[in-house]
Amino acid sequence: MAFYVTTPIYYVNAAPHLGHAYSTIAADILARHHRQRGEEVFFLTGTDEHGEPVAQAAEREGVSPRELADRNAERFQALMPRINVSNDFFIRTSDPRHKARVQDVMQRVHDNGHVYKGVYEGWYCPRCADFKTDSELGPGNTCPIHQIPLEREREENWFFRLSTFQEPLERLYADRPEFVRPRSRANEALAFIRGGLQDVSLSRSKISWGVEVPWDREHVFYVWFDALLNYYTALSFARDGQDLTERFWPATLHIIGKDILKFHAVFWPALLLAADIDLPQQELIHGYLLMRDASGTEHKMSKSLGNVLDPFEVMDTFGTDALRYYCFREVSFGQDGGVSTATFGERYETELANEYGNLASRTLAMTRRYRDGVVPDVDVDPALVTDFEGLVGEVCELLDNAEVTQALDRIWLRVRRLNRYVEETAPWQLAKDGSRAAELDVALRSLAEGLRSVTVLLHPYMPETAGKLLAALAAEDVAMDGAAFGSRPGGASVGALEPLFPKPQ
Ligand code: MSP
């Protein structure tokens, strides 16, 4: 089984923020989960470096687009290990190998008769790098996303015959209702398609920062076509001397935010159809992380709105795993939702430090105190067997549908169950009464095994914490086929463990 997951590639006109980290961590959770299932995984992320958003930002900063791209691409590259994501490759669209491949594909689109020369006149948002139709304009001809006045543009450029794909796209959505998820987003895309598709500009002649159009070197490709193709081109050069296209294309899953739905759910499949390339299996559209401003109104976080919660600060104080956990626990993946330092603090303390961290330290401490650090080699408690029954299957099924938050919630129910089990069995009482040694054995064994089982399932969410805890439990294997409660024998010698979620200094 091959599993190929992608994130949007990020504009290098600004530094990374929590929104970028969010999409990337979501993809990482799924990539790690599928690796646990023994699948062959390829996980791609990267930077979108061409076009007006970058050219204009460079001009504002008085540097060349390349300088700005190099500087910010480095920051995005550095973000990946910092948020502990396990991407297999990082694509930069300024890479000459990407450019060559874009030219090949687009030449094919041209040769297949889907391109013509025309004059474009309309409203253009340089921040979105998008032409807006009248129905997409904000009040006073503004961009509804960036709230800036739009420029009226007129230029001769090459057009892609998007209008001829109306019927094939409608058929795609009818035949493959799961192509875009959640369903509400598929409906949104379909409504856009049914509203009538207009041909779109495929090239620009006013800027030179981009991939040259091979049949007309005065033009560069409109940045979105160059950018979308990254998902396909990367496979051809991600590994030296190897072409991974055969193995991993079509992509299993594109993860994107709702702001770029139209490009992925309308332009992208049309472009692939025009180039005779297979369509990806699924696109998963997630919502926005929102933050409150001083007046209490919630906004999408963005550099231009200046309301960014700095993920680096959070990670410096509380660790990377706490951030990863919080984002997917606090906001139901797929929906919009507010994030704040207050709710972060609450979840850190009650859930991570108390419910999970204390469960781990108590279990290990009691095993050391009452059984010299050896997990008793007895059967697990049948009461817990019932409560853990089917959990691995449920988590796999939910994550097959990219229900990242729901899967985490199911796991967390078992973390809470184990906490209740500690209270119910009160091992410290059993330890006082020699005649109850067998009960103490069962309780300690069940706690260690329960902790191991939930931790294997939590590995994709909190890889660092899971690594430490599983090492202390002398059970480092994270393979899914050994995740079920009771599937590993007792008898391991447990080690010491520093507090997993200490009080911040
Ligand atoms: N370069 C394009 C994407 C090209 S993909 C072929 C782009 N880049 S971006 O830097 O603006 O990143 C947009 C993506 O970042 C969103 O689609 C989303 O995945 C993520 N997010 C940015 N802000 C976000 C939030 N506030 N909340 C959640 N995700 C957000 O668009």
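What the table shows:
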item: Förster radius 35 Å - calculated FRET efficiency between ARG217 and GLU188, Cβ distance, rounded to 0.05; result: 0.40
item: 5 angstrom amide H check on HIS219, placed H, neighbours 5+ away; result: VAL213
item: In nm, spacing of pseudo-spin labels at GLU498 and GLU136 (7 Å Cα→C-beta vector); result: 4.9
item: Note, ³J(HN,Hα) from phi for the range 375-382, Karplus 6.51, -1.76, 1.60, rounded to Hz, x at Gly and Pro; result: 5, x, 8, 10, 5, 6, 5, x
item: SER208/HIS146 FRET efficiency (R0 30 Å; Cβ-Cβ; nearest 0.05); result: 0.80
item: Estimated FRET transfer efficiency (ASP387, THR317; beta-carbon r; R0 30 Å; 0.05); result: 0.30
item: 5 angstrom amide H check on ASP130, placed H, neighbours 5+ away; result: CYS125
item: Chain lengthening between SER332 and SER64 when straightened (0.36 nm per residue, less Cα-Cα); result: 92.5 nm
item: Per residue accessible area of the range 19-61, 1.4 Å probe, in Å²; result: 23
item: Amide H contacts under 5 Å for LEU202, placed H, 5+ residues apart; result: TRP158, PHE159, PHE160
item: The chain - Cys residues lacking any other Cys C-beta under 4.7 Å; result: CYS327, CYS396
item: Proximal charge balance of GLY210 [Cβ under 13 Å; K/R count +1, D/E count -1]; result: -2
item: Theoretical gain in end-to-end length, GLU39 to ARG97 [0.36 nm per residue, Cα-Cα removed]; result: 18.1 nm
item: Percent accessible area from carbon and sulfur atoms, the chain, protein chains only, probe 1.4 Å; result: 47
item: ³J(HN,Hα) computed for each position of the range 339-345 - Karplus, 6.51 cos²θ - 1.76 cosθ + 1.60, integer Hz, glycine/proline x; result: 10, 7, 5, 5, 5, 4, x
item: Lysine pairs meeting the criterion (Cα under 25 Å, 8 or more apart or interchain), as found in the chain; result: 17
item: Burial order of peptide ranges 34-42, 231-239, 346-354 (average beta-carbon count within 10 Å, highest first); result: 231-239, 34-42, 346-354
item: Antiparallel bridges, percent of DSSP beta bridges restricted to the chain (to nearest 5); result: 50
item: Surface accessible to a 1.4 Å probe, per residue, for the residues of the range 388-505, Å²; result: 42
item: Probe 1.4 Å, accessible area per residue of the range 143-256, Å²; result: 45
item: Note, ³J(HN,Hα) from phi for the range 242-256, Karplus 6.51, -1.76, 1.60, rounded to Hz, x at Gly and Pro; result: 9, 10, 8, 4, 3, 6, 10, 9, x, 4, 6, 8, 9, 9, 9
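The values are calculated or read from the model by the stated rules, or taken from the named source; none is laboratory data. Not measured: the values here are computed from a predicted model. Methodologically, a virtual Cβ is constructed for each residue, glycine included, from the backbone with ideal geometry; neighbour enumeration extends over all protein chains shown. Keep in mind that these areas ignore ligands, DNA and RNA; they rest on the heavy atoms of the full protein, side chains included. Shrake-Rupley method; radii C 1.70, N 1.55, O 1.52, S 1.80 Å.
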